[in-house]
Amino acid sequence: MNFTIPSFLESTLHLHGKKEGFFAGSDSLTFDELHKEALGSAHVLKDLGVVKGDRVGVCMTKSINQVITILGILYANAVFVPILPKLREPNVRHIIEDSGTQILITDHDRVKEVASYQDNVNIVIGDDEFDPAYPCMKYLSRHITNRVSFFSCIGNDNAAILYSSGSTGRPKGIVISHRNLGDGARIVSGYLGTTSEDRIAGILSLNFDYGLNQLWQTIYKGATLYLHELIFPNDLFSLLSNKRITALPVMPVILTNMFDSRFYSANEVHDYSELRYICSSGGSVSQRMIQQMNDTFPSSDIYQMYGLTEAFRSTFL
């Protein structure tokens, strides 16, 4: 089997094509729809001159459109470069120049922020808004009628360049192959026991490997991913209960925010009986955090995961 994310999606279509696998607020997407939209995006990128191995930046809000964009870049045989929207201008410019990004896909409401980079890259709108000043991925994709796949990458080909956050200096890029992404999905879903019945809380950023791994697992296993922006802790706890979430990936900083006594109300009654596990990576989990998780989610397992920088968490406790 070709261990690439597009090949995983092709396999999942046969079993779960009609299933709604992705939710973001009131928006949802089936695996069939993801496949169709990704192929349309790939053809648009090809028409814009993207060839195999080209770097395509993605500076977007966490959304279904971001998921479609990332898969579209992979189907176009290009290399996606996630760029965190909150990064400072010098760091965004550094990533664009360091990675050799030729096209930058962004949200309509972020165009003015990234307009200063258009001397270095071609800017494309990746959401549903039309803008006559820029190519609009969704608009152009509607006119693609023959959505055949021309994906030709193998495991050893480059799939992504993932950059560190730049908190201790300039962001550093790590080149990730298709096999890296595929192995990450297989290995992590293996020891977490991920199945098509899982409902994963997608509170992590899709600009870094940990959050992206939830996306890859969802595609690989035909699970369901609920994209959620953590702002108020009680909204997250409501999501866990109302959507009967089975998997909660977090980082220590997220645990700190979740149980912040200024915003978190422990008095609200929720049912977390479906939550199989909480997994954490990206830092040390304190004994206090473990106690808070055990008190709040007494029937859930806790996994602490470690691994290679910006690749995947191959070791767990």
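The values are calculated or read from the model by the stated rules, or taken from the named source; none is laboratory data. None of these values were measured; they are calculated from a predicted model. When we count neighbours, we look across all protein chains shown, and the Cβ atoms used for this are built from the backbone with ideal geometry, even at glycine. Keep in mind that these areas ignore ligands, DNA and RNA; they rest on the heavy atoms of the full protein, side chains included. Shrake-Rupley method; radii C 1.70, N 1.55, O 1.52, S 1.80 Å.
By the rule of a C-alpha distance below 24 Å, with chain neighbours fewer than 8 residues away ignored, the lysines paired with residue 52 are 36, 138, 172. Using heavy atoms of the protein chains and a probe of 1.4 Å, the accessible area assigned to residue 109 is about 120 Å². Of 18, 221, the residue with the largest accessible area leads and the full order is 18, 221 (1.4 Å probe). Return the inverse of the average 1/r over all pairs of distinct C-alpha atoms in the chain, which is the Kirkwood hydrodynamic radius, in Å to one decimal. Mean inverse Cα-Cα distance, inverted, gives 20.0 Å.
Over region 1-134, accessible surface divided per residue gives 41 Å², non-protein components excluded, 1.4 Å probe. Relative to the longest principal axis of the chain, what angle (0 to 90°, nearest 10) does the C-alpha long axis of helix 89-99 take? Helix 89-99 sits at roughly 60 degrees to that axis.
Dividing the Cα radius of gyration of region 154-310 by its Kirkwood radius returns 0.97 for Rg/Rh.
Compared with the dominant principal axis of the Cα atoms in the chain, helix 209-221 is inclined by about 90°.
The heavy atoms of residue 197 present about 130 square angstrom of accessible area, all protein chains included, probe 1.4 Å.
Per-residue ellipticity at 222 nm for the chain, helices alone: DSSP H runs ≥ 4 residues times -39500 (n - 2.57), over residue total, nearest 500 deg cm²/dmol? Could the numbers behind the result be given before it?
Numbers: 11 runs with 116 residues, N = 317.
So the helix-based figure for the chain works out to -11000 deg cm²/dmol.
Any chance you could list the semi-axes, whole Å, largest first, of the equivalent ellipsoid that the Cα gyration tensor gives for region 99-163, using √(5λ)? If you can, show how the numbers build up before the last one.
On the way: eigenvalues 110, 77, 16 Å².
Semi-axes from the Cα gyration tensor: 23, 20, 9 Å.
When nucleic acids and ligands are ignored and a 1.4 Å probe is applied, residue 172 ends up with an accessible area of around 130 Å².
A cut-off of 5 Å between modelled amide H atoms, ignoring neighbours fewer than 5 places along the same chain, links residue 124 with 104, 105, 106.
Considering the convex hull of the alpha carbon atoms of region 27-132, report its projected area averaged over all viewing directions, in nm², one decimal. Don't jump to the answer; show the numbers that get you there.
Working: hull surface 25.6 nm².
Projected area, direction-averaged: 6.4 nm².
Could you work out which residue, out of 67, 121, 285, moves most in a Gaussian network model of the chain, that is, has the largest mean-square fluctuation with Cα springs under 10 Å? Result for the chain, Cα springs under 10 Å: 285 fluctuates most. Calculated on C-alpha atoms, the gyration radius of region 67-125 divided by its Kirkwood radius gives an Rg/Rh of 0.93.
Round to the nearest 10 and give me the degree value, 0 to 90, for the angle of helix 178-192's Cα axis relative to the longest principal axis of the chain. Tilt of helix 178-192: around 20 degrees. Please report the antiparallel percentage of DSSP beta bridges with both residues in the chain, rounded to the nearest 5. Taking every DSSP beta bridge with both residues in the chain, the antiparallel ones total about 25 percent. The gain in end-to-end length when the residue 243 to residue 168 segment is fully stretched comes to 23.3 nm, 0.36 nm per residue minus the alpha carbon separation.
Once neighbouring chains are kept in place and the probe is 1.4 Å, which whole percent of the accessible area of region 97-237 is contributed by carbon and sulfur? Kindly include the intermediate steps, with their values, before the conclusion.
Numbers: 2830 of 6000 Å².
Percent of accessible area from carbon and sulfur atoms in region 97-237: 47.
Can you tell me the length gained on complete extension of the stretch residue 154 to residue 232, counting 0.36 nm per residue apart and subtracting the Cα distance? Please report the intermediate quantities before stating the final value.
Numbers: separation 78, 0.36 × 78 = 28.08 nm, distance 4.17 nm.
Computed gain between residue 154 and residue 232 is 23.9 nm.
Grouping the Cα pair distances of region 45-95 into 5 Å bins from zero gives a pair-distance distribution of 5, 20, 27, 20, 18, 8, 0 percent in increasing distance order.
Given R₀ = 22 Å, FRET efficiency for residue 89-residue 131 by Cβ-Cβ distance, to 0.05? Please report the intermediate quantities before stating the final value.
Numbers: r = 21 Å, r/R0 = 0.96.
E(calc), rounded to 0.05, equals 0.55.
With a simple spin-label model that places each label point 7 Å from the Cα along the Cα-to-Cβ direction, the separation between residue 267 and residue 30 comes to 4.5 nm.
In region 1-77, the C-alpha radius of gyration followed by the widest Cα-Cα span (Dmax) gives 12.7, 35 angstrom. Among 288, 170, 93, 110, the order of accessible area from largest down is 288, 170, 93, 110, computed with a 1.4 Å probe on protein heavy atoms.
Computed over the chain with a Gaussian network model linking Cα atoms closer than 10 Å, the most mobile of 132, 298, 171 is 132. All distinct Cα pairs of region 248-297 go into the 1/r average, and the inverse of that average, the Kirkwood radius, is 11.7 Å. According to the calculation over all Cα-Cα pairs in region 131-210, the P(r) per 5 Å bin from zero is 3, 10, 11, 15, 15, 21, 16, 7, 2, 0 %.
May I ask you to compute the full-extension gain from residue 299 to residue 2, defined as 0.36 nm times their residue separation minus their alpha-carbon distance, rounded to one decimal in nm?
On the way: separation 297, 0.36 × 297 = 106.92 nm, distance 3.71 nm.
Value of the extension gain: 103.2 nm.
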